[in-house]
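Take a look at the structure set out below.
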Amino acid sequence: MFSGQFPEFITRFLSLKQLDLSNNLFFGSIPESLNAMNLEKLNLSYNNFSGMLPPSVGKSKFGVGDFEGNNPGLCGSPLRSCRGSSGLSSGAIVEIVIGLMTGAVVLASLLIGYVQGKKRKNREEDEEDLEEVDDDEYGGGGGGGGGGEGKLVLFQGGEHLTLEEVLNVTG
């Protein structure tokens, strides 16, 4: 029984037609250099290979049985597809996530600032409108002395008055 990584020196035997390394203790990935061989038969079953099968090996005439009994991490055609194999290193993925999170925080900060600014502007406009009403009531508005125009003045507690009470007070 053999053990260790895939013996890559075998891939230099380009005229080799059959390769059976089954029932050993090989581990690690299956090398890309296996693509260069023109194998008619390949059996790598019952080892501990993991990782993605080289593309041309997976797309060839070899079946699931030629790779069965290996590490569950062995994937690629004809085995299960390799999920999450985007080709990005974990460092690159971390950088992308950090960048997206930073962007989200900046965007949220800008949105909060915008909303707070709008609230402040509306509050200032409401205070200015209230000051104008006060000026008009006490003759500061330059309105020319109150012809027949009606005014609506809001005061605290007025929401409890009935229409009859308002009409009686205003004559």
Selection status of Glu32, within 38 Å of the chain's Cα centre (by Cα) and among the acidic types (Asp, Glu): yes
Selection status of Ser77, assigned to a loop (DSSP other than H, G, I, E, B), of a type in the set (Gly, Ala, Ser) and touching a helix residue (DSSP H, G or I) at 6+ places or on another chain (Cβ under 6 Å): yes
Residue match in the range 68-81 (condition: in contact with a Leu (Cβ under 6 Å, 6 or more places away or on another chain), open to solvent by less than 80 Å² (accessible area, probe 1.4 Å), on the phi > 0 side of the Ramachandran plot and modelled with pLDDT under 90): yes
Residues that are modelled with pLDDT under 80, open to solvent by 30 Å² or more (accessible area, probe 1.4 Å) and more than 13 Å from Met37 (Cα to Cα), drawn from the range 48-64: Lys59
Subset tally (residues that are in a helix (DSSP H, G or I) and open to solvent by 30 Å² or more (accessible area, probe 1.4 Å)) for the range 30-47: 4
Condition met for Met1 (under 32 Å from the mean Cα position of the chain (by Cα) and either loosely packed, with under 15 Cβ neighbours inside 10 Å or touching a residue at least 40 places away in the same chain (Cβ under 8 Å) (or both)): no
Restricting the range 4-29 to residues that are assigned to a helix (DSSP H, G or I) and out of contact with any strand residue (DSSP E or B) (no Cβ under 7 Å at 6 or more places or on another chain), the residue that is surrounded by the most Cβ atoms within 10 Å (Cβ to Cβ): Thr11
Every pair of residues 6+ apart whose Cβ atoms lie under 7 Å, when the first sits in the range 30-46 and is more than 11 Å from Ile10 (Cβ to Cβ) and touching a residue at least 12 places away in the same chain (Cβ under 8 Å) while the second is open to solvent by 70 Å² or more (accessible area, probe 1.4 Å) and part of a strand (DSSP E or B): Glu40/Gln18; Lys41/Gln18; Asn43/Asp20
Residue in the range 105-113 that is aliphatic (A, V, I, L, M), in a loop (DSSP other than H, G, I, E, B) and loosely packed, with under 14 Cβ neighbours inside 10 Å present: no
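The values are calculated or read from the model by the stated rules, or taken from the named source; none is laboratory data. Quick caveat, the model's predicted, so the values are computed rather than measured. Don't worry about glycine lacking a Cβ; one is built from the backbone with ideal geometry, like all the others, and counts go over all protein chains shown. Only protein heavy atoms, including side chains, enter the accessible area calculation; ligands, DNA and RNA are left aside. Shrake-Rupley method; radii C 1.70, N 1.55, O 1.52, S 1.80 Å.
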